[in-house]
Amino acid sequence: MNLSSVSCRPTPRRTAVAAVALALTGLAAATAPAASAAPTAAPTAAATALAPLAAPDIPLANVKAHLTQLQSIATANGGNRAHGRPGYKASIDYLKAKLDAAGFTTSVTTFTSSGATGYNLIADWPGGDPNQILMSGAHLDSVSSGPGINDNGSGSAAVLETALAVSRAQLKPTKHLRFGWWGAEELGLVGSKAYVNSLPATERSKFSGYLNFDMIGSPNPGYFVYDDDPAIEKTFKDYYAGLGVPTEIETEGDGRSDHANFKNVGIPVGGLFTGASRTKSSAQAQKWGGTAGTAFDRCYHSSCDTTANINDTALDRNSDAIAHAVWTLGSGPAVPPGDVHENTTDVAVPDNGAAVTSSVTVSGRTGNAPAALKVGVDIKHTWRGDLVVDLVAPDGTAYRLKSSSSSDSADNVIATYTVDASSEAANGTWKLRVQDIAAQDTGYIDGWKLTF
Ligand code: DTR
Ligand code: CA
Ligand code: ZN
Ligand code: ZN
C-alpha cells in the first residue's frame, strides 16, 4: 500500500502498519475447498457457435438389409415377431449381435406381459456426458398377425443403422448416446414403460431427449413430425425443409407409441411417422405424392406388412433424418451466447464484518453444471485485498474465487472466474458470498452472473 497514494476517497485507507499487522496475523483463508477458479484477464469473448458435425448419409440398402433379415426371422418363426413368440427374441438377438460387433455396450432387460417374458435391448455408445443422455428408440415387436416390417421393422432398422453409422464414424458427441428397442409395444407400450419405470428420478433428469420412430416407411407415406419438444421438432422440420419436403404435425401421436412413457416423466420427446390406417387426403397427395383416399399403410397390423410394404424414399429420408437429429442434438446446441443467470441488486459488504450473499436461482436445466462454469463478478470496493469471494453451490459446497491479500490495494473486483462445477446439480439456488476481513475500505456487490 502506498501512503502517498492516499486517494481523496471518502473511505480512509489503512496505514502500512495495519497492513503489515494483517499480513502477520496470517488471516485464516476461508475453509472453502480451492476451486480451479482463476480470474480470466478480461471478460471471455462472446461464445462462438460451434456448428454441429454433419451426419453421414444412412445407406438405404443397409436399412433394407436389416428388414430382409427381420422378414426371414418372421418367416422362420410362424410368420411374426410378436411379444412372447420366438420371432421376437430372434429379432433381439439379431440386433444385439450387430451392436456388440460395432462396439456398443448392450444389455437385454426382461419384463413380463400377458404371462410371457418380454425383452428390451439397450445399447450405449461409450463416451459423452453421462449427465446428458440423448436416446433414440423404436419398438421391435410386431403384431401376431404378421411380420411387422413397416410396423415397426422400419423404425427398428433405421435406428440400428444410425447406431452403426455412429460406430463407423467413431463419433465423439457432447452428449451420451443411447439407443433402445422395445418389446410389447403392441400390447400397450409395455416394454418402454418397464424401462422408464426402472429409471430412478436422478437418471431420468439426465435425459436431454428421447426420439421415437414407429412406422417410418409406410407404402403411401406422409411426413409427420411429432409436435412435442420444440427443439427436437425444429431439428426434424429443418431437415425436411432442407430437402424441400413439407411436413405436418403428427396429430394422433400422443399416447400412441413409446415416446408417451418418456413424456409422462418429463423427458423431452420427438419423433417421425409416415402414417398407419388413416386415409391420405387429396391435399396430402398433392404435396407428398401417393394415393389420395387410400390408407398411408393399408397393411397396418396385417399379414401383408412384409418387405413389399415399404416406400423406399420415405424410409431413406427418415433414416437420414434420424442420423441428422442424433448428430445435431447429440453435439449439444450450437454454443449459445450462454444460459445466463444474473443478479444486479446491490448488496453492501460490511467493513471487517460478516459475509454477505447474493443469489441466483437456476431451473429448467438437465443434469449437472458444466466443468467450465463462468462466474462473472462485479464488486465495487476500495482496497480489494480485504475481500474473500466464494461461489456457493445449491448443496452448500463453496468454491473459492478470490482469497484476501494484504498487498492488493487496487480497487474493485471485476472479473470472470471459471469453476469446475461438474459435480453439482445445475438447478437450484447458487450464491456469491463476499466477506470483508479487514477494517477500513468498504464497498458492495454491484452484480454477478452465472453463464452455463
Ligand atoms: N401405435 C403404433 C402405430 C401408431 C398409430 N398412431 C401413431 C402415431 C405415432 C406413432 C405411432 C403410431 C403401432 O401400432 O405400433
Ligand atoms: Ca440415405
Ligand atoms: Zn402397431
Ligand atoms: Zn408401431
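The values are calculated or read from the model by the stated rules, or taken from the named source; none is laboratory data. Being a predicted model, the structure only gives us computed values, none of them experimental. Note that we place each Cβ from the backbone using ideal geometry, even for glycine, and neighbour counts take in every protein chain shown.
When you go through ASN152, ASN212 one by one, which is the residue that is over 20 Å from the mean Cα position of the chain (by Cα) and under 21 Å from SER107 (Cα atoms)? Residue meeting the stated conditions: ASN152. Taking ALA372 as the residue in question, decide whether it is of a type in the set (Gly, Ala, Ser), closer than 30 Å to HIS176 by Cα and within 16 Å of ligand 1 (Cβ to nearest atom). Criteria not met by ALA372.
In the stretch 182-198, the residues that are under 14 Å from ASN212 (Cα atoms) and of a type in the set (Lys, Arg) form Cβ pairs under 7 Å with partners that are within 15 Å of ligand 4 (Cβ to nearest atom) and not in a loop (DSSP other than H, G, I, E, B), at six or more places apart or across chains, as follows: LYS193/ASN261.
Only one of the listed residues (ALA123, ALA157, ALA184, ALA169) is among the hydrophobic types (A, V, I, L, M, F, W, C), over 30 Å from SER363 (Cβ atoms), away from ligand 3 (no atom under 15 Å from the Cβ) and in contact with a His (Cβ under 6 Å, 6 or more places away or on another chain). That residue is ALA157. Just one of the listed residues (ALA18, ALA74, ALA37, ALA32) is modelled with pLDDT under 90, surrounded by 14 or more Cβ atoms within 10 Å (Cβ to Cβ) and in a helix (DSSP H, G or I), and it is ALA18.
Could you list, ordered by first residue, the pairs with Cβ atoms under 9 Å in which the first is in the stretch 300-328 and farther than 17 Å from LEU160 by Cβ and free of Cβ contacts under 8 Å to residues at least 12 places away in the same chain and the second is hydrophobic (A, V, I, L, M, F, W, C) and part of a helix (DSSP H, G or I), at least 6 apart or interchain? Taking only residues 6 or more apart or on different chains, the pairs are ALA308/ILE149. Scanning the stretch 300-325 for residues that are on the phi < 0 side of the Ramachandran plot, surrounded by fewer than 20 Cβ atoms within 10 Å (Cβ to Cβ) and in a loop (DSSP other than H, G, I, E, B) yields SER302, SER303, CYS304, THR307, ALA308. Residues of the stretch 104-144 that are assigned to a loop (DSSP other than H, G, I, E, B), surrounded by 14 or more Cβ atoms within 10 Å (Cβ to Cβ) and more than 16 Å from ligand 1 (Cβ to nearest atom): PHE104, TRP125, GLY127, GLY128. Taking the stretch 145-160 as the range and being surrounded by 24 or more Cβ atoms within 10 Å (Cβ to Cβ) and assigned to a loop (DSSP other than H, G, I, E, B) as the test, the residues that pass are PRO147, GLY148.
Only residues that are touching a helix residue (DSSP H, G or I) at 6+ places or on another chain (Cβ under 9 Å) and in a loop (DSSP other than H, G, I, E, B) were counted in the stretch 425-452, giving 6. Take PRO268 and decide whether it is closer than 21 Å to THR162 by Cβ and within 16 Å of ligand 2 (Cβ to nearest atom). Spelling it out, it is not the case that PRO268 is closer than 21 Å to THR162 by Cβ and within 16 Å of ligand 2 (Cβ to nearest atom). Once the stretch 171-185 is narrowed to residues that are more than 16 Å from ligand 4 (Cβ to nearest atom) and outside any strand (DSSP E or B), the residue that is farthest from the chain's Cα centre (by Cα) is LEU171. Checking each residue in the stretch 235-267 for being of a type in the set (Gly, Ala, Ser), at pLDDT below 95 and loosely packed, with under 14 Cβ neighbours inside 10 Å picks out GLY255, GLY266. Among the residues of the stretch 223-234, the one identified as surrounded by fewer than 22 Cβ atoms within 10 Å (Cβ to Cβ) and touching a residue at least 60 places away in the same chain (Cβ under 8 Å) is ALA231. Reported count of residues in the stretch 334-390, each being surrounded by 14 or more Cβ atoms within 10 Å (Cβ to Cβ), among the small types (Gly, Ala, Ser), in a loop (DSSP other than H, G, I, E, B) and within 29 Å of the chain's Cα centre (by Cα), is 4. Between ALA123, ALA184, ALA169, ALA158, the distinction of being in contact with a helix residue (DSSP H, G or I) (Cβ under 6 Å, 6 or more places away or on another chain) and within 16 Å of ligand 2 (Cβ to nearest atom) belongs to ALA158 only. With respect to the conditions (1) in contact with a Cys (Cβ under 9 Å, 6 or more places away or on another chain); (2) over 19 Å from ALA295 (Cα atoms), ASP238 falls short on a single one, namely (1). Comparison of ASN318, ASN352, ASN368 shows that the only residue that is within 16 Å of ligand 4 (Cβ to nearest atom) and not hydroxyl-bearing (Ser, Thr, Tyr) is ASN318.
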